[in-house]
Structure formats: C-alpha cells, structure tokens
Amino acid sequence: MAIQYIIYIASAYLLSFILCYMIYRLPREKNVIKYEAVCDECNEKVSFWRFIPLFGYIFARGKYGVCGHKMSISRLLVPILAMGLAAWTVFTVKDCENAKEMYRILVLLFSLTMLVVIFTDFETFIIPDTCHVIVIILAILAMIFKFTDVLWGILGGVIFFVSFYVIAFIAIKKTGNKDALGGGDIKLMGVCGLFLGASRCLLGLLIGSFSAFLIEGFLLLTKIKKERGVAFGPYLAIGMMIAAFYGEAILNAYNKLLGIN
Ligand SMILES: [Zn+2]
C-alpha cells in the first residue's frame, strides 16, 4: 500500500513539470513540443534548475533569474496539488474488477488535466483545446476498459455540449456580452460528459455551479474582488474532479434515499 502511494506521488511530481509548462505556454499559443528554458515573461534564458517543480520555485524565491521577473504562483502550487491529488486518488478510488490500476491512472490523469484547466482559465480566461483533447483520449480509454458505459458517455457528451451551446447562444443574444459563457466551457462540458457519463457529469455541473454561486456571491457582497470577469471554468473543473472521485458514491447514496435499488 505504502509503495503505491510513493509511486503515484512521485509520478505526479514528475508530471507537474509538464503541467506547469502547459499552464503557461498553452493559452499563450507558444510551442510546447520544443522545450525552452526561458523566462515566461521576456524569453530571457533561465538556468534549468529553476524549472524543477516545487524546489526550483522555493530556491529561486519565485524569480526567474537575471531579469527578475516573478514566476507564476502555479509553479509552486501545481506540484503540491498534483501530489495531493495522487495521494487522494490512491486513498479514494476503489479497485474495479477489471484492470483496477488502469481506472486509478485514468482518474488521476483526468484530475491533473482539470488542474491545468483551473490555472489557465483563472489566469488567462482560456481553456486550451489540448485539455479537451486529453480528456477525449481518457474518455475513449475509459470506454475501452468499460469504466464508462459507451452509450451513457456519448449521451453525456452530446447532452452537455448541446445544452451549453444553446445556453451560451441565448445568453450572448440577451446580454450582448460575448464572454457570457466561453467556448472553452462548452467544450469542457462536452468532453467531461464523455468521460464521466451523463449522470456523473450532471453532478459535477451542479457542484461546480453551486460553488461558483456561493464563492462569487460572497466575493461580490464583501467586495473583496475588484472588477474582473468571472471564470466559470475553474468551478466546473473542481466539480468534475469531485464527480470523478465521489460521483459513484454520491449517486448510489441518492438512489438509496429515493428507494431506487
Ligand atoms: Zn524575464
């Protein structure tokens, strides 16, 4: 058991190197395939050790080097959160009958992708298409390994993509605000429906919307937040993460409550 925690946490730590790189470069449409150790702000060459997840940030005191530009806080938080998610995955995701390890790996990769969504959308209001593509690949694997029912997954993908598309269309028409609901959010709902299936995706949406309502409402009332648009993506991503970890358990409890099964 302990060895499993070590393997998952170590893998998440190594992956956080790529995650940090994606979070900065994807929304800014910079090349992610060609690796460059440069300052994210001014493209000045930076010594490689500063990019080592977590420790690089701490030892460099959050700065890139000679140019003195500050590193994004994500370079500190993402490795910590990724390792936390890895430990959480081992702790919560129960063994499935077939290919049990595979299911855990898929849930972890899904939640790490949601982590990228949270930071990119929060910092830049953009959810990179690469994240959507990764979730589609994970969804196909989940269907192949029978963790997600094919019909239920496709239904989820179509329902949420179409309904969000319609809502966005109406919202833009009514308010004239083009950013009322971004294309990134619509695609995110579609691909999450594909991965989680219709019912768990609906649960994720409810959790995400409810927390957005509470937190944004609180910030608005207390006037902590200055004028800055609302990024809905991070809330959705957190809701979907919770649905991936606990969806099955919550839905079972709900069905029991209603006397189904
Ligand atoms: Zn710089």
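Where a number appears in this text, it was derived from the coordinates with a stated rule and is not lab data. Note that the coordinates shown come from a computational prediction; the quantities given were computed from them, not determined experimentally. Positions of Cβ are backbone-derived with ideal geometry, glycine not excepted, and every protein chain shown enters the neighbour counts.
Stokes-Einstein at 25 °C, 0.890 mPa s, Kirkwood radius from Cα pairs: D for the stretch 1-92 in µm² s⁻¹? Don't skip to the end; give the middle numbers.
Values: Rh = 13.9 Å.
Calculated translational D: 177 µm²/s.
Under a 5 Å amide H to amide H cut-off, with H placed in plane at 1.01 Å, what residues pair with LYS63 once short-range neighbours are removed?
Result for LYS63 returns MET71.
Just to be sure I understand: with springs between alpha-carbon atoms less than 10 Å apart, which residue in LEU236, LEU214, LEU138 has the highest mean-square fluctuation in the Gaussian network model of the chain?
In the Gaussian network model the winner is LEU214.
Among the complete DSSP H segments of the chain, which ones combine at least 24 Å of alpha-carbon extent along their axis with a mean Kyte-Doolittle hydropathy of -0.5 or more?
In the chain, the long hydrophobic H runs are 2-25, 74-92, 100-124, 150-175, 198-222, 233-258.
What is the packing order of peptides 46-55, 81-90, 107-116, 187-196, taking the mean over residues of other C-beta atoms within 10 Å and listing the highest first?
187-196, 107-116, 81-90, 46-55
What translational diffusion coefficient, in µm²/s and rounded to a whole number, does the Stokes-Einstein relation yield for the stretch 96-261 at 25 °C and a viscosity of 0.890 mPa s, taking the hydrodynamic radius as the Kirkwood radius over Cα pairs?
Numbers: Rh = 16.5 Å.
Stokes-Einstein gives a translational diffusion coefficient of 149 µm²/s.
Is there a pair in LYS63/LYS187; LYS34/LYS63; LYS34/LYS70; LYS146/LYS187 whose C-alpha atoms are over 26 Å apart, and which pairs would that be?
Details: LYS63/LYS187 35 Å; LYS34/LYS63 23 Å; LYS34/LYS70 23 Å; LYS146/LYS187 23 Å.
Correct reply: LYS63/LYS187.
Please arrange VAL135, VAL166 by how many other C-beta atoms lie within 10 Å of their C-beta, fewest to most.
VAL166, VAL135
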